[in-house]
Amino acid sequence: MLPPVTDFEALKGRGVRATSAGHTVHVGGPRLLASLNLTLPDSLARFTEQASAKGQSVVYLVHDNQVVAAFALADVIRSESRAAVQQLHDMGVQVAMLTGDSKAVAQSVAAELGIDQYFAEVLPEHKDKQVAELQRQGRRVAMVGDGVNDAPALTRANVGIAIGSGTDVAVASAGIILVQSNPLDVVKVIALSRASYRKMVQNLLWATGYNVVALPLAAGVLAPLGILLSPAAGALLMSLSTVIVAINAQLLRRTAHTAHTPGVSETPGV
């Protein structure tokens with residue numbers, strides 16, 4: 001039977017603290033040890049080095065200000081993540097990773113996925129600042145996140161994309177929600193937005209060009225040459241222009257990447 005725990009407290013960006021059987025217990029990562037001014041025993045230091053080399057995060061158990069145990073944790077990288085990064089690269093999109101994990105873990109994951117740039121050991125309150133820094137470099141940033149700590153960064157980014165299974169705060173802060181929590185839907189969102197923009201430009205050029213030619217004809221600019229445009233013909237051509245624009249917009253359905261996007265939702269009012 002587990003002993004009772006009292007005075008539980010979450011230490012922002014560091015770990016947790018509680019009292020158990022009259023003893024103070026901490027659980028957290030390297031930042032926790034730094035805040036407590038603790039050093040690792042040689043055996044746990046070697047264990048940490050081995051885990052970091054494998055791309056694993058290490059969590060420590062501190063009992064009355066003594067490090068008594070260490071646990072190696074590793075996330076399983078989804079196959080969809082690899083495919084999403086590759087497809088984003090094919091589209092000319094750079095991929096960066098923001099994480100609170102150590103540099104060794106971040107480097108290992110970035111190398112495995114082929115991520116262009118990573119920012120490790122980022123405190124929760126600094127994610128927003130990192131997005132702002134990328135924007136100051138002239139980049140347009142799409143931020144993907146799912147936690148409470150991601151909310152400011154999602155709001156700051158040019159496009160905030162929340163994982164549907166994430167926290168309510170993250171979902172409310174984002175402009176787009178991935179209902180199925182599939183990283184590949186990020187690719188679909190970008191492909192659909194680019195295709196929509198192309199259609200807008202095409203329809204604008206068509207409508208502008210059409211009116212540049214049709215309006216002078218309707219005004220009788222060629223009347224001295226015996227060329228007149230009857231009202232009925234003008235009405236027919238105007239309707240034809242509208243039909244052409246509508247048909248061109250419907251061709252978005254043929255976009256390969258957006259033929260099936262049930263996992264994408266837009267936040268109302270954004």
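Taken together, the values in this text are just the output of simple stated rules run on the coordinates, not laboratory data. All of these numbers come straight from a predicted model, not from anything done at the bench. Don't worry about glycine lacking a Cβ; one is built from the backbone with ideal geometry, like all the others, and counts go over all protein chains shown.
Wholly within the stretch 1-63, which strands (runs of 3 or more DSSP E) include no fewer than the required count, namely at least 1 residues that are under 25 Å from Val76 (Cβ atoms) and touching a helix residue (DSSP H, G or I) at 6+ places or on another chain (Cβ under 9 Å)?
It comes to 15-20, 23-28, 57-63.
Quick check on the stretch 117-138. Is at least one of its residues in contact with a strand residue (DSSP E or B) (Cβ under 9 Å, 6 or more places away or on another chain), among the aliphatic types (A, V, I, L, M) and under 18 Å from Gly29 (Cα atoms)?
For the stretch 117-138, residues in contact with a strand residue (DSSP E or B) (Cβ under 9 Å, 6 or more places away or on another chain), among the aliphatic types (A, V, I, L, M) and under 18 Å from Gly29 (Cα atoms): present.
Of all the residues that make up the stretch 159-194, how many are touching a Lys or Arg at 6+ places or on another chain (Cβ under 9 Å) and within 19 Å of His126 (Cβ to Cβ)?
Total satisfying the criteria: 0.
Consider Asp101 against the criteria (1) in a helix (DSSP H, G or I); (2) surrounded by 15 or more Cβ atoms within 10 Å (Cβ to Cβ): it satisfies all of them except one. Which criterion is unmet?
Checking Asp101 against (1) in a helix (DSSP H, G or I); (2) surrounded by 15 or more Cβ atoms within 10 Å (Cβ to Cβ), the one that fails is (1).
Does the stretch 106-118 include one or more residues that are out of contact with any Pro (no Cβ under 9 Å at 6 or more places or on another chain), outside any helix (DSSP H, G or I) and hydroxyl-bearing (Ser, Thr, Tyr)?
Yes, some residue in the stretch 106-118 is out of contact with any Pro (no Cβ under 9 Å at 6 or more places or on another chain), outside any helix (DSSP H, G or I) and hydroxyl-bearing (Ser, Thr, Tyr).
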